[in-house]
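Engineer: Mind having a look at this structure? Questions to follow.
Read-outs: derived from the displayed coordinates by stated rules, not from any lab. Fair warning: this is a prediction, and the values are worked out from it, not measured in the lab. Glycine gets a Cβ as well: all are built from the backbone with ideal geometry, and neighbour counts include every protein chain shown.
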Amino acid sequence: MPTGDTKLSRGDQYRFIIRSAGTRYATVAAGIVLGLPVIAYVSGSVTALFYVHIGLAAFWFGLDFFFRYIFAPAVKASDPETAASLLPHLSPRIMVAGESVTLGAIGSGIGLAQRLGYFSTPPVWLWGALGIAAVMIYIAFVPLHHYQTELLLELDSAAPDGERVETLNGKALRWLMGMTGLFLLIILMMVGMRGLLG
């Protein structure tokens, strides 16, 4: 498990990430992203839960796409000093938002499937979606979390190693690209659950 290489405990990692992102930002961002699905589910409104789920999923995909295909190439093309000054401020905020929205989108999807009665006679599409969701949670909270945290710790050190920063960033982006592919697969599963694939 990659997190075994990190010297900090998981709790210390999150304290470091929250401190780097800003406690107020982390509290508000995680509170909104995790609170909306809970409120929508408890309200009993399937429509509200549906739109919360779609909204969080769209935000998740957009965040992944932006980070992987827009932000990362721009950082790579910039000079090392720019990247070193920008990443410590932006990456922890993206981690807080990304990990929260992973749980929020998947949790609201499971809640929506339950509200729509899919668990009473689960179609193969539901099992496919749950399997993909489990892999996505693993990626978000194990390898992706590990490489992003190691990157932040390296940048926070007294003398950051530029080559190690580039290697860690490259590994994180490869996992992120895998998440984007899985996201498209889970959309296919949802379309199948709605009976739109014949």
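Engineer: Which residue, chosen from T167, V46, L151, occupies the Cα position most advanced towards the positive end of the dipole of the chain, where the dipole is computed from +1 (Lys, Arg) and -1 (Asp, Glu) charges on Cβ about the Cα centre?
Structural biologist: V46
Engineer: Here's something else I'd like to know. Cα centroid distance between segment 51-71 and segment 89-168, in Å?
Structural biologist: 12 Å
Engineer: Continuing with this model, one more query. So how do 50-57, 98-105, 77-84, 182-189 stack up, highest first, on mean other-Cβ count within 10 Å?
Structural biologist: On the way: 50-57: 19.6, 98-105: 22.2, 77-84: 12.1, 182-189: 15.9.
Result, highest mean first: 98-105, 50-57, 182-189, 77-84.
Engineer: Kindly provide the helix-only [θ] at 222 nm of the chain, computed as the sum of -39,500 (n - 2.57) over DSSP H runs of four or more divided by all residues, to the nearest 500 deg cm²/dmol? List each step's numbers first, then the result.
Structural biologist: Numbers: 8 runs with 160 residues, N = 198.
Value at 222 nm, helices only: -28000 deg cm²/dmol.
Engineer: Add +1 for every Lys or Arg and -1 for every Asp or Glu among the other residues with Cβ under 15 Å from the Cβ of A105, and state the total.
Structural biologist: On the way: positive: none; negative: D64, E99.
With Lys, Arg at +1 and Asp, Glu at -1, the net is -2.
Engineer: If you don't mind, another one. Is the shape of segment 101-147 rounded, prolate or oblate, going by the alpha carbon gyration tensor and its root eigenvalues a ≥ b ≥ c, with a/c under 1.5 for rounded and a/b larger than b/c for prolate? Mind dumping the intermediate values first?
Structural biologist: Numbers: a/c = 5.05, a/b = 2.06, b/c = 2.45.
It comes out oblate by the Cα gyration axes.
Engineer: Distances over 30 Å make up what percent of all Cα-Cα pairs in the chain?
Structural biologist: Here the tail beyond 30 Å accounts for 25 percent of pairs.
Engineer: Can you tell me the orientation of helix 143-156 relative to the chain, as the angle in degrees between its alpha-carbon axis and the longest Cα principal axis, to the nearest 10?
Structural biologist: Between helix and principal axis, roughly 30 degrees.
Engineer: Hey, what angle do you get for helix 124-141 against the long axis of the chain, alpha-carbon based, 0 to 90 degrees rounded to 10?
Structural biologist: Around 20 degrees separate the two axes.
Engineer: Using the 10 angstrom Cβ neighbour count as an exposure proxy, how do S85, S45, S91 rank, fewest first? If you can, show how the numbers build up before the last one.
Structural biologist: Working: S85 11, S45 14, S91 23.
Ranking S85, S45, S91 by Cβ neighbours within 10 Å, fewest first, gives S85, S45, S91.
Engineer: How far is helix 80-115 tilted off the main Cα axis of the chain, in degrees rounded to 10, range 0 to 90?
Structural biologist: The two axes meet at around 20 degrees.
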